[in-house]
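Notes for the one structure printed next.
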Amino acid sequence: MEVKIDTKEKFHQFHVITPDISANMAGELRSVLTKPLQAAIKNVILEMGSVTRISPEAAEEIVRIQQEFYENEASFVICCLTAPVEQFLEEASLLEMMNVTPTGSEAMD
């Protein structure tokens, strides 16, 4: 899985470049996204504008990761969902459990 990471003053922004997040990438996703929980800056923005497909397992893992952030008093915001991914998450009843914004600038707020 290809991810670009930008560290800002108050958050880490992860840009997922891989268009298809499969079930076997869920562990790698967890490893990458939870590293900030051990850092001084714990807030994360997950930008998924390049993702056109996500497996149910990977989507459920993102929900679990987000909950872990909230349990550690850190924020985790997902932004820039593509229409196919948003539709899948809605149909899987996962979208309502996620903190999602349409754009990266809204996620920064």
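The values are calculated or read from the model by the stated rules, or taken from the named source; none is laboratory data. Only a predicted model underlies this, so the values are computations on that prediction, with no experimental measurement involved. Neighbour counts run over all protein chains shown; Cβ positions are idealised from the backbone, glycine included. Calculation scope for accessible area: heavy atoms of the full protein, side chains included, ligands and nucleic acids excluded. Shrake-Rupley method; radii C 1.70, N 1.55, O 1.52, S 1.80 Å.
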With a 1.4 angstrom probe the carbon and sulfur portion of accessible area for the chain, in percent, totals 49
Cut-off 14 Å between beta-carbons: net charge of the residues surrounding GLU91, Lys and Arg +1, Asp and Glu -1
-3
What net charge is computed for the residues neighbouring THR101, neighbours being all others with C-beta under 13 Å from the C-beta of THR101, Lys and Arg scored +1, Asp and Glu -1?
-4
Would you look at the GNM of the chain, springs on alpha carbons closer than 10 Å, and say which of ALA74, ALA26, ALA40 moves the most?
ALA40
Go through segment 7-109 and name the GluC sites (Glu not before Pro) that are in a DSSP coil and have 16 or fewer other Cβ atoms within 10 Å of their Cβ.
GLU9, GLU73
Comparing LEU29, LEU37, LEU46, which has the greatest mean-square fluctuation in the GNM of the chain with Cα pairs linked when under 10 Å apart?
LEU37
Where Rh is the Kirkwood radius over Cα pairs, Rg/Rh for the chain
0.92
Over segment 35-92, volume per residue of the alpha carbon convex hull, in Å³
81
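Only Cα pairs under 8 Å and at least 6 apart count here; give the relative contact order of the chain as a rounded whole percent.
25
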Where labels lie 7 Å past Cα in the beta-carbon direction, separation of GLU9 and GLN87 in nm:
4.1
Please report the Cα spread of segment 1-63 along all three principal axes, rounded to whole Å, starting with the longest.
31, 20, 16
Per the helix-only model, the chain has a calculated mean residue ellipticity at 222 nm (DSSP H runs of ≥4, -39500 (n - 2.57) each, divided over all residues, rounded to the nearest 500) of -10000 deg cm²/dmol
What's the local net charge at GLY27, with K and R +1, D and E -1, over the other residues with C-beta under 15 Å away?
-2
Pairwise centroid distance, computed over Cα atoms, of segment 40-109 with segment 1-25, Å:
11
When the chain is treated as a Gaussian network with springs between alpha carbons less than 10 Å apart, the largest mean-square fluctuation among ALA39, ALA92, ALA23 is found at ALA39
Using only protein heavy atoms and a 1.4 Å probe, report how much of LYS35 is accessible, in Å² to the nearest 10.
130
